[in-house]
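The values are calculated or read from the model by the stated rules, or taken from the named source; none is laboratory data. Note that this is a predicted model, so its numbers are computed, not measured. Virtual Cβ from ideal backbone geometry, glycine too; neighbours counted across all protein chains shown.
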Amino acid sequence: MPQAARIERPSRRLVLAIATHAPLGWLAIATMAAGRATDPSPDTADAEPTVVPIRRDDPDRYQNFVVNWDAGTEVLCAVVRTPADYARLFHPAPVIGGKKPFAPPEATFEKEHLLVIARVVGGDGGSVLAIERVVEKEGSLEVHGRFQPSTAKSSFSIKQAALAWIPARKPEPVTFIENDTMIATLDTGKDAWVVPDLPEESTASE
């Protein structure tokens, strides 16, 4: 029994050769066929975000407090790159018999940088504030956090902070996103490491 003829897909060279001697309509079809294999797919054109490893820290490990900031702003965001910046943001709180360190070892900042999100919350202790993940996207960082305020009534307020260390990086824009909403953007390359601005040293107090 004779075998069915095998249909070969025309090569790109053949398509272009046909297009050279064909009317304009065929020329358009040939051009589309020749270029289809090299056009990037829309699904793969954008690079996927890269996950940045984080090391969460417990603020209670240190005997200090976040300095006051603008009373009209409930949330503070910071990228702490040096011990000097840490000392501006966190002030020591010495107490009799206290054995906790006032700050992380200065050498830590040589290999890691500290991400900080702080909020003024009710003093009942029921609010949840956390840094969940960090991704690198198109030359900048996105810090994704979660805030779940307490529904209990409280007669006083406190400052609560979420801390996470990331590997030391070159200066770059950093966007803080909380509950899927952008809350702040810092450009550490322009010395913008904290928002809102901190008060002068002489007025910063608990």
Q | Residue that is modelled with the lowest pLDDT, among those in the range 71-123 that are of a type in the set (A, V, I, L, M), assigned to a strand (DSSP E or B) and surrounded by fewer than 20 Cβ atoms within 10 Å (Cβ to Cβ) | A | VAL120
Q | Residues satisfying the stated conditions in the range 125-144, i.e. more than 20 Å from VAL67 (Cα to Cα), outside any strand (DSSP E or B) and without any contact (Cβ under 8 Å) to a residue 60 or more places away in the chain | A | GLY126, GLY139
Q) So how many residues does the range 124-151 have that are over 20 Å from the mean Cα position of the chain (by Cα) and surrounded by 16 or more Cβ atoms within 10 Å (Cβ to Cβ)? A) 1
Q) Is at least one residue of the range 175-198 over 25 Å from the mean Cα position of the chain (by Cα), closer than 22 Å to TYR62 by Cα and not in a strand (DSSP E or B)? A) no
Q: Please tell me if PRO171 is closer than 30 Å to PRO49 by Cα and part of a loop (DSSP other than H, G, I, E, B).
A: yes
**Q.** Verdict on ASP60 being of a type outside the set (A, V, I, L, M), within 21 Å of VAL195 (Cα to Cα) and more than 20 Å from the chain's Cα centre (by Cα)
**A.** no
Q. If we scan the range 79-100, do we find a residue that is of a type in the set (Lys, Arg), more than 24 Å from the chain's Cα centre (by Cα) and at negative phi?
A. yes
Q.
within 16 Å of the chain's Cα centre (by Cα) and assigned by TED's automatic domain parsing to the domain that holds ILE166: is that true of VAL66 in this structure?
A. no
Q: Assess whether LYS153 counts as being of a type in the set (Lys, Arg), assigned to a loop (DSSP other than H, G, I, E, B), over 25 Å from THR50 (Cα atoms) and modelled with pLDDT under 95.
A: yes
Q. Taking the range 59-118 as the region of interest, how many residues are under 18 Å from LEU129 (Cβ atoms) and among the hydrophobic types (A, V, I, L, M, F, W, C)?
A. 17
Q | ILE158 vs. criteria without any contact (Cβ under 8 Å) to a residue 40 or more places away in the chain and surrounded by 14 or more Cβ atoms within 10 Å (Cβ to Cβ) | A | yes
